[in-house]
1. Return a yes/no flag: does region 86-101 have any residue that is surrounded by fewer than 20 Cβ atoms within 10 Å (Cβ to Cβ), free of Cβ contacts under 8 Å to residues at least 40 places away in the same chain, part of a loop (DSSP other than H, G, I, E, B) and more than 12 Å from the chain's Cα centre (by Cα).
2. What's the number of the condition residue 62 fails, among (1) closer than 19 Å to residue 121 by Cβ; (2) loosely packed, with under 13 Cβ neighbours inside 10 Å?
3. Would you point out the residue of region 102-113, among those that are out of contact with any helix residue (DSSP H, G or I) (no Cβ under 6 Å at 6 or more places or on another chain) and touching a residue at least 40 places away in the same chain (Cβ under 8 Å), that is farthest from residue 52 (Cα to Cα)?
4. Please indicate, with yes or no, whether at least one residue in region 29-43 is surrounded by 13 or more Cβ atoms within 10 Å (Cβ to Cβ) and touching a strand residue (DSSP E or B) at 6+ places or on another chain (Cβ under 7 Å).
5. Those residues that are under 18 Å from residue 40 (Cβ atoms) and modelled with pLDDT under 95, I need them from region 65-100; list them, please.
6. Determine whether residue 58 is assigned to a helix (DSSP H, G or I) and out of contact with any helix residue (DSSP H, G or I) (no Cβ under 8 Å at 6 or more places or on another chain).
7. What about residue 80, is it crowded, with 20+ Cβ neighbours inside 10 Å, out of contact with any strand residue (DSSP E or B) (no Cβ under 7 Å at 6 or more places or on another chain) and not in a helix (DSSP H, G or I)?
8. Could you list all residues from region 3-48 that are over 24 Å from residue 90 (Cβ atoms) and either under 18 Å from the mean Cα position of the chain (by Cα) or modelled with pLDDT of 95 or more (or both)?
């Protein structure tokens, strides 16, 4: 009986702790910046500081999202909130066209999920 109670306590504690941070993918922002600047090529459109102000952005319609304002459009996981870690990961992986957005933001399924989580952490760190 004691083992059963310990298991229930441990399981309920784990669920509680997970519920405190449902938006955390545990990405590393410093690594994310390296990927953003390197193979992710995110700065090509979103700019070096993520403000959507790259030279290429001037010719784009719609303009690339500025990460500085922290406002995101898509609820890709249907949880009723936009711009969660999960939403951003889905956008990075699948592109915005899959969620009704512009095809100018391509998906990067070629980048592993762990590295995408790092990019998400970096993007979120850019919020002013």
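The values are calculated or read from the model by the stated rules, or taken from the named source; none is laboratory data. Being a predicted model, the structure only gives us computed values, none of them experimental. As a convention, Cβ positions derive from the backbone with ideal geometry for all residues, glycine included, and neighbour counts pool all protein chains shown.
1. Yes, some residue in region 86-101 is surrounded by fewer than 20 Cβ atoms within 10 Å (Cβ to Cβ), free of Cβ contacts under 8 Å to residues at least 40 places away in the same chain, part of a loop (DSSP other than H, G, I, E, B) and more than 12 Å from the chain's Cα centre (by Cα).
2. Only one criterion is unmet by residue 62, namely (1).
3. 111
4. No, that holds for no residue.
5. Correct list: 65 only.
6. So residue 58 passes the test.
7. Answer is no for this residue.
8. The answer is 48, and nothing else.
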